[in-house]
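Student: Encoded as structure tokens, here's the structure I'll be asking about.
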Amino acid sequence: MDNFAEQLIKKNETASDKLRRIVLTIIGIIVTLMLLLLAAMQLQNGLVATIGIILSVVAAFGTFRIVQSSMIEYEYTFTNGELDIDKIIAKKKRSEMLTVNVRKFTAFGKYEDGMEETEDMTIVLVSDNIASHEYYADFEHEDYGKTRLVFCPNEKMLSNIRKSLPAKLRAELDS
């Protein structure tokens, strides 16, 4: 029987994320309006007015895309010991972030602030930014080297991961 679990995590915005989005929106609106004003002031010069209108449309579209790109979700897919993590931007663009066999985990458990992390360790943070239910997994990855995954699996995902953990880690979790 296949072990399968899938979970979608929406990244919660921090205060700095919200501030960044608001500032970028305001700057985008100001640039768009300034370009439209430039185009309106140069109506007698058709070429400059046309360029101003085109640039204002580009600025408005760019602002929209930048703001939209701050909407991030992560998808965890667990299939027979393999954990795949994808990043989804604005519910449109998907990119594979990481694939790891759970049997390669060297450490696994609840994540706590202040946990020791070495200089050569790659941190892969794919969480919703709510620290109370974050877990970590340490492993060696072929592309990233020493890696710590910080994520927030639900009960079904945790259950499937626990079944596939090396016996040593399962014993540590049960004690």
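The values are calculated or read from the model by the stated rules, or taken from the named source; none is laboratory data. Model, not experiment: these values are computed from the prediction. Cβ: placed from backbone, ideal geometry, glycine included. Neighbour counts: every protein chain shown. In case anyone asks, the SASA skips ligands and DNA or RNA and just uses the protein heavy atoms, side chains included. Shrake-Rupley method; radii C 1.70, N 1.55, O 1.52, S 1.80 Å.
Student: Considering the stretch 70-86 alone, what residues qualify as being in a strand (DSSP E or B) and touching a Lys or Arg at 6+ places or on another chain (Cβ under 7 Å)? Write out each step before concluding.
Tutor: First pass over the stretch 70-86, keeping only residues in a strand (DSSP E or B): 72-79, 82-86.
Matches in the stretch 70-86: ILE72, GLU73, TYR74, ASP86.
Student: Another one. Can you pull out the residues in the stretch 121-132 that are loosely packed, with under 13 Cβ neighbours inside 10 Å and more than 16 Å from the chain's Cα centre (by Cα)?
Tutor: SER132
Student: So which of PRO153, PRO166 ends up being in contact with a strand residue (DSSP E or B) (Cβ under 8 Å, 6 or more places away or on another chain) and either surrounded by 14 or more Cβ atoms within 10 Å (Cβ to Cβ) or under 16 Å from GLU6 (Cα atoms) (or both)?
Tutor: Values: PRO166 fails: in contact with a strand residue (DSSP E or B) (Cβ under 8 Å, 6 or more places away or on another chain).
Checking each option against the conditions leaves just PRO153.
Student: Quick one: which residue in VAL67, VAL100 is touching a Leu at 6+ places or on another chain (Cβ under 7 Å), of a type outside the set (D, E, K, R) and assigned to a strand (DSSP E or B)? Give the derivation first.
Tutor: Values: VAL67 fails: assigned to a strand (DSSP E or B).
Step by step, each of VAL67, VAL100 is checked, and only VAL100 is touching a Leu at 6+ places or on another chain (Cβ under 7 Å), of a type outside the set (D, E, K, R) and assigned to a strand (DSSP E or B).
Student: Scan the stretch 122-151 and report the pairs whose first residue is of a type in the set (S, T, N, Q) and whose second residue is open to solvent by 70 Å² or more (accessible area, probe 1.4 Å), with Cβ atoms within less than 6 Å and a gap of 6+ or a chain change.
Tutor: So the pair list comes out as THR122/TYR144.
Student: Within the stretch 31-56, count every residue that is open to solvent by 90 Å² or more (accessible area, probe 1.4 Å) and within 38 Å of the chain's Cα centre (by Cα). Don't jump to the end; show me each part of the working.
Tutor: Taking the stretch 31-56 and keeping what is open to solvent by 90 Å² or more (accessible area, probe 1.4 Å), we get 33-34, 37, 41, 43-44, 47, 54.
When the remaining residues are screened for being within 38 Å of the chain's Cα centre (by Cα), the result is 33-34, 37, 54.
Counting residues in the stretch 31-56 that are open to solvent by 90 Å² or more (accessible area, probe 1.4 Å) and within 38 Å of the chain's Cα centre (by Cα) gives 4.
Student: Further, regarding this structure: Would you confirm, using the coordinates I've provided, whether THR25 is on the phi < 0 side of the Ramachandran plot, modelled with pLDDT of 90 or more, open to solvent by less than 90 Å² (accessible area, probe 1.4 Å) and assigned to a helix (DSSP H, G or I)?
Tutor: Details: on the phi < 0 side of the Ramachandran plot: yes; modelled with pLDDT of 90 or more: yes; open to solvent by less than 90 Å² (accessible area, probe 1.4 Å): yes; assigned to a helix (DSSP H, G or I): yes.
Considered against the rule, which asks whether it is on the phi < 0 side of the Ramachandran plot, modelled with pLDDT of 90 or more, open to solvent by less than 90 Å² (accessible area, probe 1.4 Å) and assigned to a helix (DSSP H, G or I), THR25 comes out as yes.
Student: Continuing with this model, one more query. Going by the structure shown, is GLU140 loosely packed, with under 13 Cβ neighbours inside 10 Å and part of a loop (DSSP other than H, G, I, E, B)?
Tutor: On the way: loosely packed, with under 13 Cβ neighbours inside 10 Å: yes; part of a loop (DSSP other than H, G, I, E, B): no.
Considered against the rule, which asks whether it is loosely packed, with under 13 Cβ neighbours inside 10 Å and part of a loop (DSSP other than H, G, I, E, B), GLU140 comes out as no.
Student: Go through the stretch 78-110 and report how many residues are surrounded by 13 or more Cβ atoms within 10 Å (Cβ to Cβ), farther than 14 Å from MET157 by Cα and under 18 Å from the mean Cα position of the chain (by Cα).
Tutor: 9
Student: For the stretch 9-22, does any single residue satisfy the condition of being touching a residue at least 24 places away in the same chain (Cβ under 8 Å) and part of a strand (DSSP E or B)? Steps first, please.
Tutor: So the first thing to find is which residues in the stretch 9-22 are touching a residue at least 24 places away in the same chain (Cβ under 8 Å), and the list is 9-14, 17, 20-21.
If we keep only those that are part of a strand (DSSP E or B) as well, we get 9-10.
The answer is yes, given that some residue of the stretch 9-22 is touching a residue at least 24 places away in the same chain (Cβ under 8 Å) and part of a strand (DSSP E or B).
Student: For the stretch 155-175, what are the residues that are touching a helix residue (DSSP H, G or I) at 6+ places or on another chain (Cβ under 9 Å) and outside any helix (DSSP H, G or I)?
Tutor: Selection gives LEU165, PRO166.
Student: Taking the options LEU55, LEU83, name whichever one is among the hydrophobic types (A, V, I, L, M, F, W, C) and touching a residue at least 60 places away in the same chain (Cβ under 8 Å). Reasoning before the result, please.
Tutor: Details: LEU55 fails: touching a residue at least 60 places away in the same chain (Cβ under 8 Å).
Testing whether each residue is among the hydrophobic types (A, V, I, L, M, F, W, C) and touching a residue at least 60 places away in the same chain (Cβ under 8 Å) leaves just LEU83.
Student: So, one more: Which one of these is open to solvent by less than 60 Å² (accessible area, probe 1.4 Å) and assigned to a strand (DSSP E or B): THR118, THR147?
Tutor: Details: THR118 fails: assigned to a strand (DSSP E or B).
After ruling out the rest, the residue left standing is THR147.
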